[in-house]
Amino acid sequence: MPRLVTDWRRVVLLSLSFWMQLAGLAVLIAPELRYSLTGQDYDPYLAWWLGVLFLLAGIVGRVWQQGLSPWKEWLRVAAIIAIIIALAVIFAAPSRAATSDSGIATEAQTLEIAVPFIAREEGKRNRAYRDAVGIWTICYGSIRGVVADMVKTDRECLALLWVEVAEHRAGLHRFFSPVTIAARLPATRDAAYTSTAFNCGIGAIGKSTATRRLNAGDIAGGCQALTWFDKAGGRVLRGLFERRKREKALCLLGAH
């Protein structure tokens with residue numbers, strides 16, 4: 001008759017600590033391998049903190065078995081505190097920079113946020129160039145009346161951007177319900193939707209799930225749906241993925 005393991009609790013704890021450390025490494029490494037093999041990106045924030053938690057749990061399990069009895073209680077307290085802090089950081093992430101913002105956003109309020117945000121995202125070229133599909137483009141991605149060898153100053157580019165962002169905002173507002181405009185569209189969220197529309201097109205965003213959800217009162221769901229516009233040619237692009245994350249964060253400011 002086989003003998004039972006007498007110190008089974010210690011064996012289980014050691015095994016768990018080993019697998020926790022492996023899980024932590026897997027959570028940190030697997031997403032990068034996936035990106036290198038498939039081109040599909042991911043949100044590294046949650047993966048990083050989950051990896052840290054797994055590794056921390058594995059380390060605590062190992063140290064617990066080293067016979068440091070005078071320190072066990074302190075170790076227990078420190079581990080619990082560390083895990084609570086890590087979990088708090090993970091779940092508080094969407095509202096880390098949240099500020100209160102209410103009321104109907106005016107065009108001026110939205111443009112004050114949207115124009116510099118879009119300028120940073122788009123980048124500026126003062127001399128006309130052909131974009132990826134061969135269209136003559138200038139400044140912050142404008143194609144309005146652009147011809148070969150056209151040159152614009154920084155001031156002209158910024159003035160053009162203000163005009164075109166305002167046009168995109170106005171066009172997108174035709175797809176928002178009166179209730180959305182009155183109660184669900186502070187300047188920050190208005191700027192986030194406008195930025196995505198400036199990058200993807202008014203119709204694409206106006207008819208999208210992001211707008212339908214917002215009109216239905218699902219603010220968080222609408223902001224999340226903005227992140228779906230991260231592909232070009234059927235492939236997730238890291239630049240678009242990161243931009244949509246920033247637009248989502250801007251969209252969620254003040255959300256409850």
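Laboratory data are not the source of any read-out in this text; all were calculated from the coordinates shown. On a predicted model such as this, the values are computed, not experimentally measured, just so you know. Cβ sites come from the backbone with ideal geometry, for glycine too, and all protein chains shown count toward neighbours.
Scanning region 222-239 for residues that are free of Cβ contacts under 8 Å to residues at least 12 places away in the same chain and closer than 22 Å to Ile113 by Cα yields a total of 1.
Taking first residues from region 162-187 that are touching a residue at least 40 places away in the same chain (Cβ under 8 Å) and partners that are in a loop (DSSP other than H, G, I, E, B) and of a type in the set (S, T, N, Q), the Cβ contacts under 7 Å between residues at least 6 apart in sequence or on separate chains come to Pro186/Ser102.
If only residues of region 151-169 that are within 21 Å of Thr188 (Cα to Cα) and among the charged types (D, E, K, R) are counted, the one that is surrounded by the fewest Cβ atoms within 10 Å (Cβ to Cβ) is Glu167. Reported count of residues in region 120-145, each being among the aliphatic types (A, V, I, L, M) and surrounded by 17 or more Cβ atoms within 10 Å (Cβ to Cβ), is 2.
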